[in-house]
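Inspection log for the structure reproduced underneath, given as structure tokens.
Quick note: the coordinates plus some simple rules give every number you see, no bench work behind them. Quick caveat: nothing in here was measured; it's all calculated off a predicted structure. No Cβ is skipped: glycine too gets one built from the backbone with ideal geometry, and neighbour counts run over all protein chains shown.
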Amino acid sequence: MSSPAPNVDPAPYDALLLVSFGGPEGPDDVVPFLENVTRGRGIPRERLEQVGEHYYLFGGKSPINDQNRAFLKELRADLAEAGVDLPVYWGNRNWDPYLTETLAQMAADGVRRAACFMTSAYSSWSSCRQYRENLFAAVEGLPEGATAPKLDKLRHYFNHPGFVEPVVDATLAALADLPDDVRDGAHLVFVTHSIPTQMNDLSGPPDQGGGAYVRQHLDVAEVIADRVRTETERAHPHELVYCSRSGAPHVPWLEPDVNDHLAALKEQGVPAVVMVPVGFVSDHMEVIYDLDTEAMATAEELGLPARRAATAGTDPRFVRAVRDLLLERAAVERGEEVARAAVGSIGPMWDRCPVGCCANPRGAVPTLTGEREPIDQ
Ligand SMILES: CC1=C(CCC(=O)O)c2cc3nc(cc4[nH]c(cc5[nH]c(cc1n2)c(C)c5CCC(=O)O)c(CCC(=O)O)c4C)C(CCC(=O)O)=C3C
Ligand SMILES: [Fe+2]
């Protein structure tokens, strides 16, 4: 008796599009990149100069593009090995290769319908809807006569086992790397990008009361802390804290800041910490500057032993999650029943963002890939 053939049919998709943030590749790129990111955002000049310095400290080069190149390579190899025959494209919101250029290429190649995988895992305007607004703008910007492929965003994966399992292992590895005499009392400090509290209040579908961004992170942190407890047979207390606060000082953002939190833990007599950057999918600038450079210096000054857990990056389980999400959605679009993997208490996320989900605090802007296109708020 033969078992049923595994589903490797990507139809109705004829391409996969990796959608990312983009980052500068050298010193001359830094200012134009920051201008791209912050156009119309009211970020104080002082903050921009500071962030510029973070990039210059690393030769003006963000690691994010190379990380996406490495991810693409693994993703193509994974798809090929699994027998999924599908070209993979890559486009960024804020730097070369820009989404518009990539979509123009896809149109020229005759791509009619593409699934989009975003390098951003959670709900909020910054981490989801802004990507969808940028997809709309990129399609609008296509040259005359080019027919854009229809785009679908693959569902949120913050609670997909392929994203969470590598972070569990990374947390265990970071704990194991702490000195023996402080390990047992170590706290797990889950870290994500701060956003304005209003943006968190608006995150998720309007009928779910907002706050999805924080709720999703808390749920994943709970799952990881639980798994770590099972593996180590020890309950490491955990907290969710924030990094990379921006904006004007009088505008409230999510707190506490990771640096303040480390000081508070030291004050309480906590012997060590593992920082788990659960809000990020690779070791880009927020991780290598805000955590590895700044927060590590804070820990050092405090005399608080600290380790930073790796991000999912190119872990084969995370790469495979993209394939699983793609084939799952393809089956859904063909009208088939699917199993949807998810860990934690929230459950698998929707395929199309509901109307008004993660509203733009500055007002309605057209988006793609939602329940209703192009304007849904
Ligand atoms: C939630 C979130 C994520 C995680 C989800 C995701 O990954 O999308 C994220 C990722 C990233 N953010 C990045 C870079 C920047 N973000 C900025 C500004 C801002 N980020 C915000 C939020 C987020 N950002 C917000 C609310 C602002 C304020 C301005 C605004 O309201 O839009 C600024 C301007 C300077 C400053 O204000 O700090 C820069 C340079 C890079 C590239 C890193 C690299 O180059 O390696 C990545 C991956
Ligand atoms: Fe950001």
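Key figures for this structure:
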item: Qualifying trypsin sites (Lys or Arg not before Pro) in segment 189-296, DSSP loop, other Cβ atoms within 10 Å at most 14; result: Arg234
item: Fully extended contour minus Cα-Cα distance, from Val332 to Asp201, at 0.36 nm per residue; result: 44.1 nm
item: Theoretical ellipticity at 222 nm over the chain - DSSP helices of four or more residues, -39500 (n - 2.57) apiece, nearest 500; result: -12000 deg cm²/dmol
item: Proxy reagent accessibility, fewest Cβ within 10 Å first, across Val332, Val241; result: Val332, Val241
item: Spacing of the two label points (7 Å from each Cα toward its C-beta) at Asp28 and Arg317, in nm; result: 4.4 nm
item: Dipole magnitude (debye, nearest 20) for segment 161-308, charges at Cβ of Lys, Arg, Asp, Glu; result: 160 debye
item: Using a Förster distance of 25 Å, the FRET efficiency for Arg41-Trp350 (Cβ separation, nearest 0.05); result: 0.35
item: Mean separation of Cα contacts under 8 Å, 6 or more apart, over the residue count of the chain: relative contact order %; result: 23 percent
item: Estimated FRET transfer efficiency (Ala82, Asp109; beta-carbon r; R0 22 Å; 0.05); result: 0.50
item: Anchor Lys61: lysines whose Cα lies under 26 Å away (excluding residues fewer than 8 positions away in-chain); result: Lys73
item: Segment 212-271: GluC sites (Glu not before Pro) falling in loop per DSSP and having at most 15 other Cβ within 10 Å; result: Glu233
item: Antiparallel DSSP beta bridges within the chain, as percent of all bridges there, nearest 5; result: 5 percent
item: Size of electric dipole in the chain: Cβ of Lys, Arg +1 and of Asp, Glu -1, about Cα centre, debye, nearest 20; result: 820 debye
item: Crossing angle, helix 161-177 versus the chain [Cα axis fit, 0-90 degrees, rounded to tens]; result: 20 degrees
item: Spin-label model distance (nm) - Glu140 vs Arg362, 7 Å beyond Cα toward Cβ; result: 1.2 nm
item: Selection of GluC sites (Glu not before Pro), segment 315-376, meeting DSSP coil and at most 11 other Cβ within 10 Å; result: Glu336, Glu337
item: Contour excess over end-to-end distance, with Cα ends at Leu57 and Glu101 and 0.36 nm allotted per residue; result: 12.9 nm
item: Segment 260-266 - phi-based ³J(HN,Hα) in whole Hz, Karplus 6.51/-1.76/1.60, Gly and Pro as x; result: 4, 5, 4, 5, 5, 5, 4
item: Amide proton proximity set for Lys153, modelled H, under 5 Å, gap of 5+; result: Cys116
item: Interchain or long-range residues, amide H under 5 Å from Tyr98's placed H; result: Asn92
item: The chain: angle of helix 316-333 to the longest principal axis, Cα-based, in degrees nearest 10; result: 40 degrees
